[in-house]
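Trainee: This is the structure I have questions about; it appears just below.
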């Protein structure tokens with residue numbers, strides 16, 4: 001239940017204005033099985049809806065407050081443990097970066113790449129989004145120099161953009177476009193148009209958010225720099 005409450009808190013922060021969600025949809029958003037959502041929310045809600053009945057933000061917000069207050073002590077203990085784990089992960093990352101910098105100075109780029117790859121996988125659930133983005137950037141930078149294959153590098157570009165977008169907003173969209181622009185030229189060198197198709201798909205995924213935050217001109221500028229006119233012609 002504690003993880004559900006924390007997930008529900010996160011979901012409430014990004015709940016779209018005027019939108020209603022059912023218990024099934026709340027389960028999807030909080031990554032919680034529907035029977036558990038029903039169990040946790042039913043006695044906190046002021047009504048007993050069917051799993052497909054729409055619930056407003058205010059209704060779910062009130063239920064969240066009830067659950068949070070009932071479990072305050074346990075939540076505080078869990079969050080304290082989480083903060084400690086995050087701090088330990090950040091300290092481990094800083095130690096790893098000292099090693100990576102030394103490896104780069106001694107031209108051991110392959111070792112630096114592998115070390116960053118391992119660190120990313122080992123601390124994925126604990127490191128802050130900005131550090132995960134930095135790891136993706138370093139893996140791209142080092143990986144391009146080291147001749148890592150297209151498939152691996154394309155995954156790092158996608159992951160980097162995903163981490164930038166973990167906190168949605170205008171700044172996130174701008175940063176995502178900057179991130180893509182910084183490494184896009186490399187992918188255009190891939191034979192048979194594979195890189196062009198990959199970058200086009202990434203930009204098309206970002207286009208709805210760019211339109212929402214009035215950043216279509218910036219997205220079109222990036223697409224134009226890469227000569228990806230298909231992106232500029234698509235309206236969503």
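Trainee: Going by what's in this entry, would residue 69 be described as exposed (fewer than 12 other Cβ atoms within 10 Å of the Cβ) and either modelled with pLDDT of 95 or more or closer than 24 Å to residue 2 by Cβ (or both)?
Mentor: Numbers: exposed (fewer than 12 other Cβ atoms within 10 Å of the Cβ): yes; either modelled with pLDDT of 95 or more or closer than 24 Å to residue 2 by Cβ (or both): yes.
Judged against the criteria, residue 69 is a match.
Trainee: Considering 218, 145, 197, 207, which residue is in the same structural domain as residue 116 (by TED's automatic domain parsing) and without any contact (Cβ under 8 Å) to a residue 12 or more places away in the chain? Break it down stepwise before answering.
Mentor: Values: 218 fails: without any contact (Cβ under 8 Å) to a residue 12 or more places away in the chain; 145 fails: without any contact (Cβ under 8 Å) to a residue 12 or more places away in the chain; 207 fails: without any contact (Cβ under 8 Å) to a residue 12 or more places away in the chain.
Result: 197 is the single residue among 218, 145, 197, 207 that is in the same structural domain as residue 116 (by TED's automatic domain parsing) and without any contact (Cβ under 8 Å) to a residue 12 or more places away in the chain.
Trainee: From 172, 210, which residue is more than 16 Å from residue 129 (Cβ to Cβ), at pLDDT below 95 and within 23 Å of the chain's Cα centre (by Cα)? Steps first, answer last, please.
Mentor: On the way: 172 fails: more than 16 Å from residue 129 (Cβ to Cβ).
Answer to the check: 210.
To keep it simple, each residue is scored yes or no on (1) crowded, with 17+ Cβ neighbours inside 10 Å; (2) not in a helix (DSSP H, G or I).
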{"site": "107", "(1), (2)": "no, yes"}
{"site": "126", "(1), (2)": "yes, yes"}
{"site": "136", "(1), (2)": "yes, no"}
{"site": "157", "(1), (2)": "yes, no"}
{"site": "171", "(1), (2)": "no, no"}
{"site": "180", "(1), (2)": "yes, no"}
{"site": "189", "(1), (2)": "no, yes"}
{"site": "195", "(1), (2)": "yes, no"}
{"site": "200", "(1), (2)": "yes, no"}
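Trainee: Moving on to the next point. If the requirement is being crowded, with 17+ Cβ neighbours inside 10 Å, assigned to a helix (DSSP H, G or I) and at pLDDT 95 or above, which of these qualifies: 116, 41, 75? Full working, then the answer.
Mentor: Details: 41 fails: at pLDDT 95 or above; 75 fails: at pLDDT 95 or above.
Step by step, each of 116, 41, 75 is checked, and only 116 is crowded, with 17+ Cβ neighbours inside 10 Å, assigned to a helix (DSSP H, G or I) and at pLDDT 95 or above.
Trainee: Contact list please: Cβ distance under 8 Å, first residue in region 38-49 and outside the structural domain of residue 21 (by TED's automatic domain parsing) and free of Cβ contacts under 8 Å to residues at least 40 places away in the same chain, second residue part of a loop (DSSP other than H, G, I, E, B) and surrounded by 15 or more Cβ atoms within 10 Å (Cβ to Cβ), pairs at least six apart or on different chains.
Mentor: From region 38-49, no pairs qualify.
Here is a yes/no grid of residues against (1) without any contact (Cβ under 8 Å) to a residue 24 or more places away in the chain; (2) under 11 Å from the mean Cα position of the chain (by Cα):
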position	(1), (2)
117	yes, no
126	no, no
140	no, no
162	yes, yes
165	no, yes
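Trainee: Answer yes or no: is there a residue in region 83-94 that is free of Cβ contacts under 8 Å to residues at least 24 places away in the same chain and either within 26 Å of residue 25 (Cβ to Cβ) or over 22 Å from the mean Cα position of the chain (by Cα) (or both).
Mentor: No, region 83-94 contains no residue that is free of Cβ contacts under 8 Å to residues at least 24 places away in the same chain and either within 26 Å of residue 25 (Cβ to Cβ) or over 22 Å from the mean Cα position of the chain (by Cα) (or both).
The values are calculated or read from the model by the stated rules, or taken from the named source; none is laboratory data. Quick caveat, the model's predicted, so the values are computed rather than measured. Cβ coordinates were reconstructed from backbone atoms using ideal geometry, including for glycine residues, and neighbour counts include every protein chain displayed.
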